[in-house]
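As structure tokens, the structure follows; a few thoughts come after it.
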Amino acid sequence: MRSFLIGLQFLTRISIVRQENWTEEDFGKSVRWFPLIGAVLGLCYGAAAAVMFLLLPTFGIELPVHVSTALLLLLTILLTGGLFCDGFMDSMDGIFSGRSKERMLEIMKDSRIGANGVMSFTGLMLMEWAVLLDMGKELLPMALFVMPIISRLMVVMAITCFPYARPQGMGRAFAAYAGKGSLAFATICTLILVLPWGKEAAAALLAGGVFALCFNRYATRILGGVTGDTYGAVATLTELVVLLTVLIMEKIPWPMV
């Protein structure tokens, strides 16, 4: 339970029991719980969507759809503190710089955000906003529930299956103490949480896994491995892939059974 609470406090702004003393081993042991931590976030996102788009209309309260969708996006940032968003922007600054591997890693470590990071994050938010607007409101709570679960599993994949690019760093603590058993446990939890939601959720899990595998292999090729920043990048991009997959599955004219 301690490792779960540490992971919850690190990955979110939800703090049930304040943990002050963290060790590298604590970080590593928390990795197996990432999908369950994603489920906590998913419950918050899905509940917010259900209230705004399904519950309130039954009482005759129709919130502006564009504002409501923007609020959902803001909620995903507020509850995580923008942790993975920061990693995404740093990764885009480094990857799109076109420099050497060493210089890319230096750029990613810089606390300042560059033009590539800002433009990439703006594009990411616009895409997520558009996809949420176009998605059927009945599917929206489900999509927002499974989205952080699947994305956190892909972070576990990155941590346990790919080399760490830096000689030291917080991400190395995760990699050092999280073995293949963490990936197996996280995968089982994800399957239990995601598959009961139907073909859209199953397709999103498959698409997210394929994308994350390709992205992590690409990062390893150009950077020599993954980093804490690319963990954030693969999580945020996988979330978009999940939402896009659910939207595409919704639009396919499935034959009536």
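Read-outs throughout are calculated quantities, based only on the coordinates presented, and are distinct from any laboratory measurement. Note that this is a predicted model, so its numbers are computed, not measured. Please note: Cβ atoms are built from the backbone with ideal geometry, for glycine as well, and neighbour counts cover all protein chains shown.
Using the Cβ of Met249 as centre and a radius below 11 Å, the other residues enclosed give a net charge of 0, where K and R count +1 and D and E count -1.
Per-residue packing, averaged as other Cβ atoms within 10 Å, sorts the ranges 61-71, 155-165, 122-132, 224-234 into the order 224-234, 155-165, 122-132, 61-71, beginning with the highest.
Near Val226, the amide H atoms lying under 5 Å from its own belong to Tyr164, Ala165; only residues 5 or more places off or on other chains count, and H is placed 1.01 Å from N. Restricting the chymotrypsin sites (Phe, Trp or Tyr not before Pro) of region 22-96 to loop positions (DSSP other than H, G, I, E, B) with no more than 12 neighbouring Cβ atoms within 10 Å leaves Phe59.
For Lys109, the lysines whose Cα falls under 16 Å of its own Cα, not counting residues fewer than eight places away in the same chain, are Lys101.
For a straight C-alpha distance cut-off of 23 angstrom, the lysines reachable from Lys180 (same-chain residues fewer than eight places away being disregarded) are Lys29.
Contact order, relative form, for region 103-232: 34 percent (alpha carbon pairs under 8 Å, 6 or more residues apart, mean separation divided by residue count). Listed by chain and number, the aspartates and glutamates whose C-alpha is less than 13 Å from the C-alpha of Lys251, apart from same-chain residues fewer than 8 away, are Asp134, Glu200.
For the chain, averaging the sequence separation of C-alpha pairs within contact (under 8 Å, six or more residues apart) and dividing by the residue count gives a relative contact order of 28 percent.
Here each label is just a point 7 Å from Cα along the line to Cβ, and for Glu25 and Thr122 those points are 4.8 nm apart. Ellipticity at 222 nm from helices only: DSSP H runs of n ≥ 4 in the chain, each -39500 (n - 2.57), divided by the residue count, give -24000 deg cm²/dmol.
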